[in-house]
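Each reported figure results from applying straightforward, stated rules to the coordinates on display, with no laboratory input. From a predicted model like this one, the values you see are computed outputs, not experimental measurements. In this analysis, Cβ positions are derived from the backbone assuming ideal geometry, glycine residues included, and neighbour counts consider all displayed protein chains.
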Amino acid sequence: MSREIPDYVEGHNLLAAKSVLITAAAGAGIGFSAAKRAVEEGARAVVISDVHEGRLSQAREALAGLSDACQVSAQLCDVTDETQVQALVDFAEVETGGVDILINNAGLGGSCRLTDMTDEAWSRVLDITLTGTMRMSRAMLRYMEPRGQGVIVNNASVLGWRAQEEQCHYAAAKAGVMALTRCSAMEAAEFGIRINAVSPSIAMHDFLRKTSSPELLEKLTSHEAFGRAAEVWEVANVMMFLASDYSSYMTGEVVSVSSQHA
């Protein structure tokens, strides 16, 4: 068992000349890491969105400083609001001249026993995590289908497969994301569009540390074969593969990014 974090992987132009739209990309989580990787992989344009205005502005500035060749734009968006979702997709289409890749990263977790869970808490997790993914995909596909090309990468979770206490709402939402990925992929295939998902086990970032107890994080990490949580960029690397032409014959797949059996 090794807790050693591997060296950061340099970009290989996997997304050369591509444009990318990413939700929930402010802060230090998987979304920002995916945006950073997209810039490093040669994307010509990256549009990021989030609900946190200050963090979104900081994220855009950080990404813009990585490359003079990549146009980086940002727009606020709450994926529970259909008007904001449509405005974001319209904005990204104009900014990029056509979005090639959508990465659906927005999601909300938390811990709560089912017997203590309110309807409001249940609905909010599903609305952001599952229905938000649906809203973004629906709006983006309406642009991608007439063009006859495009890629969507969703962020699921191994909790869509595995049982864990106090995760009924989140696990149900992520299982829904997996089903949405598979079914929407079948519909999009006739238009030359691919839709896949990553399914991380545990990726360590600041928000997870704030919302989970040290005891729980240690317990979850102890189940990993490498004896550590994934770095967010290790999840983003798999997203870049699914977004790239290297995965041209993959659609409707959910790829486990985990060092334990799915």
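Things worth noting here:
- Close Lys pairs in the chain (alpha-carbon distance under 27 Å; sequence gap of 8 or more, or different chains): 6.
- In order through the stretch 188-203: 3J(HN,Hα) via Karplus (6.51 cos²θ - 1.76 cosθ + 1.60), integer Hz, x for Gly, Pro: 7, 4, 5, 9, x, 9, 10, 9, 9, 9, 9, 9, x, 8, 9, 10
- Backbone amide hydrogens, once placed in the peptide plane, bring S256 within less than 5 Å of S199, excluding anything fewer than 5 places away on its chain.
- Backbone phi angles across the stretch 226-231, fed through the Karplus curve with coefficients 6.51, -1.76 and 1.60 (θ = phi - 60°), yield HN-Hα couplings of 7, x, 8, 6, 5, 6 Hz in residue order; Gly and Pro are listed as x.
- Inter-part distance, the stretch 144-169 to the stretch 59-120, computed on C-alpha centroids, equals 15 Å.
- Long-range amide H partners of V46 with built H, under 5 Å: V20, Q71, V72, S73
- Sparse packing (at most 16 other Cβ atoms within 10 Å of the Cβ) combined with a DSSP loop state is found for the following chymotrypsin sites (Phe, Trp or Tyr not before Pro) in the stretch 1-100: Y8.
- Phi to ³J(HN,Hα) by Karplus 6.51 cos²θ - 1.76 cosθ + 1.60 over the stretch 161-173, Hz, x for Gly, Pro: 10, 9, 8, 8, 5, 6, 10, 4, 5, 5, 5, 5, 5
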